[in-house]
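What follows is a set of notes on a single structure, which appears directly below.
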Amino acid sequence: MARVVRMAAAQLGPVARDEPRAAVVERMRRLMRDARADGCRLIVFPELALTTFFPRWYMANQAEVDAFFEVEMPGAETRPLFEDAKRLGVGFHLGYAELAREGGRVRRFNTAILVDTEGRLVGKYRKIHLPGHSAHEPQRPFQHLEKRYFEIGDLGFPVWRTMGGIFGMCICNDRRWPETYRVLGLQGVEAVLLGYNTPTVNAVIQEPAHLRMLHHLVTMQAGAYQNGTWVVAAAKCGMEDGVHMMGGSAIVAPTGEIAAQAKTEADELIAHDCDLDLGRYIKETVFNFAQHRRTEYYGLIVERVGMVPPPKDGQ
Ligand code: CDT
């Protein structure tokens with residue numbers, strides 16, 4: 001019997017810097033109700049969904065930065081999402097800035113959680129590929145200070161057996177890296193859930209908007225096909241506090257095909273009946289890892305971080 005889970009990507013339009021958490025949560029709750037009405041069992045919200053994408057600003061005052069972080073999950077403002085999950089029977093993936101007190105110190109991560117259809121928190125992922133820079137670079141039209149405001153995630157790329165399938169998570173820039181999908185693929189992932197905030201303009205080099213969209217889609221399509229998994233990706237997009245953020249939320253099938261894609265740059269739900277067995281033939285044939293992977297030749301992937309070209313003639 002086919003294992004079909006109807007999944008949704010809940011794209012969010014811009015969240016203004018002064019928009020209260022409670023107002024954003026109300027927008028998300030409406031999308032959850034729409035997802036329920038559409039028969040969905042799982043909904044994916046964007047990266048740092050509860051606030052504006054604050055790494056675009058340099059802030060010297062840590063208290064000002066910390067105002068964008070959640071110190072508990074659920075907290076007073078996010079609890080309704082958990083209650084709705086249980087009441088509606090719709091699980092969710094949510095990205096947020098996490099302030100944790102661990103080992104006697106304060107730690108800050110760009111985090112995503114997975115909540116099941118009973119409203120239980122079943123999984124947590126902390127973003128590993130943090131893009132951007134750590135020092136203020138005033139020459140840029142806008143900053144991308146994820147390396148300043150977050151630590152590198154320390155939880156690896158786990159998967160969870162829940163809601164009838166095997167689910168993994170990553171966050172935004174992680175989706176561009178084949179390593180992300182392969183580590184999840186080696187654990188049999190059937191759906192990779194992710195949110196993103198991607199500026200339409202490259203702040204350091206001229207790059208046409210159509211290429212930005214191509215790179216967003218092509219990496220997810222390759223990751224899906226090469227690991228026989230669904231990929232469900234939700235943007236926060238539109239003109240947010242003066243910076244245009246890319247839309248293009250998508251549900252990608254294990255075949256690499258785009259099954260659904262957002263049309264707007266506003267709050268929008270896209271949904272698809274995802275057959276979790278669709279990737280099985282890929283996992284059992286062309287990408288049957290046990291039969292075909294040649295790990296004896298892959299050592300460089302973990303031994304070497306940066307590219308080292310061979311010496312030039314005579315050197
Ligand atoms: N949020 C996030 O990871 N955004 C990046 C922008 C890259 S430019 C520094 C992304 O990969 O979409």
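The values are calculated or read from the model by the stated rules, or taken from the named source; none is laboratory data. Bear in mind the structure is a predicted one, so any value in this text is a computation, not a measurement. When we count neighbours, we look across all protein chains shown, and the Cβ atoms used for this are built from the backbone with ideal geometry, even at glycine.
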### Query
Tell me, which residue of the stretch 76-97 that is of a type in the set (A, V, I, L, M) and within 10 Å of MET32 (Cα to Cα) is surrounded by the most Cβ atoms within 10 Å (Cβ to Cβ)?
VAL90
### Message
If I go through the stretch 249-266 residue by residue, how many of them are buried (at least 20 other Cβ atoms within 10 Å of the Cβ) and in contact with a helix residue (DSSP H, G or I) (Cβ under 9 Å, 6 or more places away or on another chain)?
### Response
4
### Summary
In the set ILE171, ILE152, the lone residue that is more than 10 Å from the ligand (Cβ to nearest atom), at pLDDT 95 or above and over 23 Å from PHE289 (Cβ atoms) is ILE152
### Message
Take the conditions closer than 28 Å to ARG6 by Cα, crowded, with 22+ Cβ neighbours inside 10 Å, more than 13 Å from the chain's Cα centre (by Cα) and of a type in the set (D, E, K, R) and apply them to GLU190. Does it pass?
### Response
yes
### Task
Return the residue satisfying two criteria in turn: it lies in the stretch 63-74 and is crowded, with 20+ Cβ neighbours inside 10 Å and without any contact (Cβ under 8 Å) to a residue 60 or more places away in the chain, and of such residues it is nearest to LEU99 (Cα to Cα).
PHE69
### Query
Among VAL231, VAL201, VAL192, which is the only one that is farther than 27 Å from ALA35 by Cβ, touching a residue at least 24 places away in the same chain (Cβ under 8 Å) and within 16 Å of the ligand (Cβ to nearest atom)?
VAL201
### Message
Considering only the stretch 14-32, I want to know if a residue exists there that is part of a loop (DSSP other than H, G, I, E, B), touching an Asp or Glu at 6+ places or on another chain (Cβ under 7 Å) and away from the ligand (no atom under 16 Å from the Cβ).
### Response
yes
### Extreme residue, surrounded by the most Cβ atoms within 10 Å (Cβ to Cβ), among residues of the stretch 41-62 that are within 10 Å of the ligand (Cβ to nearest atom) and among the hydrophobic types (A, V, I, L, M, F, W, C)
LEU48
### Message
Looking at PHE157 and the list (1) among the aromatic types (Phe, Trp, Tyr); (2) touching a helix residue (DSSP H, G or I) at 6+ places or on another chain (Cβ under 6 Å); (3) buried (at least 24 other Cβ atoms within 10 Å of the Cβ), which single condition is not satisfied?
### Response
(3)
#### Entry: Filter result (within 26 Å of ALA271 (Cβ to Cβ) and of a type in the set (D, E, K, R)) within the stretch 78-112
ARG79, GLU83, ASP84, LYS86, ARG87
